[in-house]
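Heads up: the structure comes next, in structure tokens.
The values are calculated or read from the model by the stated rules, or taken from the named source; none is laboratory data. All of these numbers come straight from a predicted model, not from anything done at the bench. All Cβ positions, even for glycine, are placed from backbone atoms using ideal geometry, and neighbour counts span all protein chains on display. Ligands, DNA and RNA are stripped out before the accessible areas are found, and what is left, the full protein with its side chains, is counted by its heavy atoms. Shrake-Rupley method; radii C 1.70, N 1.55, O 1.52, S 1.80 Å.
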Amino acid sequence: NTLSSISRLAKFGEVDKQHSMIMSLAKFYRLSLNNGQTIITIGSEVEQVQAYMSIQLIKYGDRVKVEYRIDPSILALTTIKLILQPFVENVLQHAWRGDSIHMRVEGELVSDKVVFRIIDDGIGMPLHVAQRLIHAQDKEKLGYGVRNVHERIQLYYGKEYGVLIHSRTGIG
């Protein structure tokens, strides 16, 4: 999708936007690959989401708003990579109905645990759908990215950690 967007920008002569999108895509992949390392700083994880979102902001313009509220004290801590971007992507692909969407990416230390939240004003989903995103069987083809993040967190940090989804239809 991103390459198609870059191609469209080239076709219409929007060189500055095209350049920005290519540079953001390069940064996104550089941070995603991270020299084969699985563990990165939270600062790098946030940068990776920002690179992804800068591509989307060029693509969608003012129709997408994103805000970051990341406690600076957690930026040097480490995490497994690619745990935030799948949620931000899901907002754009599944929650967005209407003219625009707003989202907020939050990160903070709560007691001794890092907690991330992706909050949006999208269409939301019923509780049973949210639960199936995490616990669906492979054959269901539902929530692969969300389930993958959940399972990777549990494999690395333990079964008491993972993904929780709080959503209601019409709420986000």
Check: How long is segment 1-100 along each principal axis, judged by its Cα atoms, biggest number first, in Å?
Finding: 42, 31, 21
Note to self: Rounded to the nearest 10 Å², what accessible area does residue 152 have for a 1.4 Å probe in the complete protein model?
What the structure shows: 70 Å²
Notebook entry, point to check: Given springs between every Cα pair under 10 Å in a Gaussian network model of the chain, which of 24, 73, 32 has the largest fluctuation?
Noted result: 73
Next item on the list: Would you check the accessible area of residue 102, probe 1.4 Å, heavy atoms only, in square angstrom rounded to 10?
Entry: 80 Å²
Notebook entry, point to check: In nanometres, what is the gap between the two model label sites at residue 111 and residue 71, each 7 Å from Cα along Cα-to-Cβ?
Noted result: 1.3 nm
Notebook entry, point to check: Can you list the chymotrypsin sites (Phe, Trp or Tyr not before Pro) in segment 1-95 that are in a DSSP coil and have 16 or fewer other beta carbons within 10 angstrom?
Noted result: 12
Notebook entry, point to check: If you average 1/r over all unlike Cα pairs in the chain and invert the result, what Kirkwood radius do you get in angstrom?
Noted result: 17.2 Å
Check: If each of residue 16 and residue 169 carries a label point 7 Å out from its Cα toward its Cβ, how far apart are those two points in nm?
Finding: 4.5 nm
Checklist line | Percent accessible area from carbon and sulfur atoms, the chain, protein chains only, probe 1.4 Å | finding: 54 percent
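Give the percent of DSSP beta bridges with both residues in the chain that are antiparallel, rounded to the nearest 5.
Values: 11 of 18 bridges.
About 60 percent, rounded to the nearest 5.
Per residue, how much accessible area does segment 60-128 have with a 1.4 Å probe, in Å²? Intermediate results must be reported in sequence, preceding the final value.
On the way: 3840 Å² over 69 residues.
Computed with neighbouring chains in place, this is 56 Å² per residue.
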Item checked: Computed over segment 27-134: relative contact order in percent, which uses C-alpha pairs under 8 Å that are six or more apart -> 26 percent
